[in-house]
Each structure stands twice: as C-alpha cells, then as structure tokens.
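> Handing you this structure, nothing more for now.
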Amino acid sequence: MEDRQKLIALLAEVNEDIDFAAETALVDDGLIDSLDMTVIIAAIDEAFDVHITTADIEPEHFNSVDAMLRLIQRHREQP
C-alpha cells in the first residue's frame, strides 16, 4: 500500500468523519485536537517505523496528509 493511502486509512481510524485526503487545515480549523494528535503520532510511529519527537509537534506538520507525509519522509531520511 502506498504511503499516502496507508496514512489516510490510519487517520480514518482516528476520526472517520473527516475527509483527511481533502483537508488542509486539520489543526488550524480545530478538526483534530491534542488528543487526536497524540493518537495520530503513536499510529504514525508504529505504522511507518519512525519516531516523531516533541520538537515535531507543530500544527503545520499535522494540518494535512501531505504535511504528515513530509514529516514521515524527513524522519526516514535521518540516520
């Protein structure tokens, strides 16, 4: 499964009422809250075998699927 589809499926498990593929301001518009972000971070860590740090917990990293994919890719590229 492609990373984008995998991430969208993971996010749908957090909240099936949000169109994660289309939204670009998930945090800014209050569609996901801090509890959702905690669940999302844990799921990303496990599903993509990366470790999201507290320094990464910025709204711009979680406002959209594309932003989350960039964060995942950046962590994959780190030694």
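> Provide a single number: the residues in the stretch 1-37 that are touching a residue at least 40 places away in the same chain (Cβ under 8 Å), charged (D, E, K, R) and part of a loop (DSSP other than H, G, I, E, B). Even if it seems obvious, please write down each step before you answer.
First, pick out the residues of the stretch 1-37 that are touching a residue at least 40 places away in the same chain (Cβ under 8 Å): 3-4, 6-8, 11, 20-21, 23-24.
Filter once more, keeping what is charged (D, E, K, R): 3-4, 6, 23.
Next, only the ones that are part of a loop (DSSP other than H, G, I, E, B) stay: 23.
The qualifying residues number 1.
> Now for a separate question. Would you mind finding the one in Ile52, Ile44, Ile40 that is assigned to a loop (DSSP other than H, G, I, E, B) and under 12 Å from the mean Cα position of the chain (by Cα)?
Numbers: Ile44 fails: assigned to a loop (DSSP other than H, G, I, E, B); Ile40 fails: assigned to a loop (DSSP other than H, G, I, E, B).
It is Ile52.
> Taking only the stretch 39-53 into account, find how many residues are closer than 21 Å to Ala21 by Cα, touching a residue at least 24 places away in the same chain (Cβ under 8 Å) and surrounded by fewer than 19 Cβ atoms within 10 Å (Cβ to Cβ).
3
> Output yes when any residue across the stretch 54-66 is of a type outside the set (Ser, Thr, Tyr), surrounded by fewer than 11 Cβ atoms within 10 Å (Cβ to Cβ), out of contact with any Phe, Trp or Tyr (no Cβ under 6 Å at 6 or more places or on another chain) and more than 20 Å from Leu26 (Cα to Cα), and no when none is.
no
> Additional query: Asp28: surrounded by 11 or more Cβ atoms within 10 Å (Cβ to Cβ), over 12 Å from the mean Cα position of the chain (by Cα) and under 19 Å from Arg70 (Cβ atoms), yes or no?
Judged against the criteria, Asp28 is a match.
> Quick one: count up the residues across the stretch 43-69 that are among the polar types (S, T, N, Q) and either in contact with a Pro (Cβ under 6 Å, 6 or more places away or on another chain) or over 18 Å from Asp33 (Cβ atoms) (or both). If you could, list the steps in order and put the result at the bottom.
Just the residues of the stretch 43-69 that are among the polar types (S, T, N, Q), to begin with: 53-54, 63-64.
Now narrow it down to the ones that are either in contact with a Pro (Cβ under 6 Å, 6 or more places away or on another chain) or over 18 Å from Asp33 (Cβ atoms) (or both): 53.
Of the residues in that region, 1 qualify.
> Cβ-Cβ below 8 Å, separation at least six or inter-chain, first residue in the stretch 58-79 and basic (Lys, Arg), second modelled with pLDDT of 90 or more and not in a helix (DSSP H, G or I): which pairs?
Final answer for the pair search is Arg76/Val50.
> Answer with yes or no whether Arg70 is within 16 Å of Glu2 (Cα to Cα), modelled with pLDDT of 95 or more, among the basic types (Lys, Arg) and surrounded by fewer than 17 Cβ atoms within 10 Å (Cβ to Cβ).
Numbers: within 16 Å of Glu2 (Cα to Cα): yes; modelled with pLDDT of 95 or more: yes; among the basic types (Lys, Arg): yes; surrounded by fewer than 17 Cβ atoms within 10 Å (Cβ to Cβ): yes.
For Arg70, the condition - within 16 Å of Glu2 (Cα to Cα), modelled with pLDDT of 95 or more, among the basic types (Lys, Arg) and surrounded by fewer than 17 Cβ atoms within 10 Å (Cβ to Cβ) - is met.
The values are calculated or read from the model by the stated rules, or taken from the named source; none is laboratory data. Since this is a predicted model, take the numbers as computed values, not measurements. Heads up, the Cβs are rebuilt from the backbone with ideal geometry, glycines too, and the neighbour counts pull from every protein chain shown.
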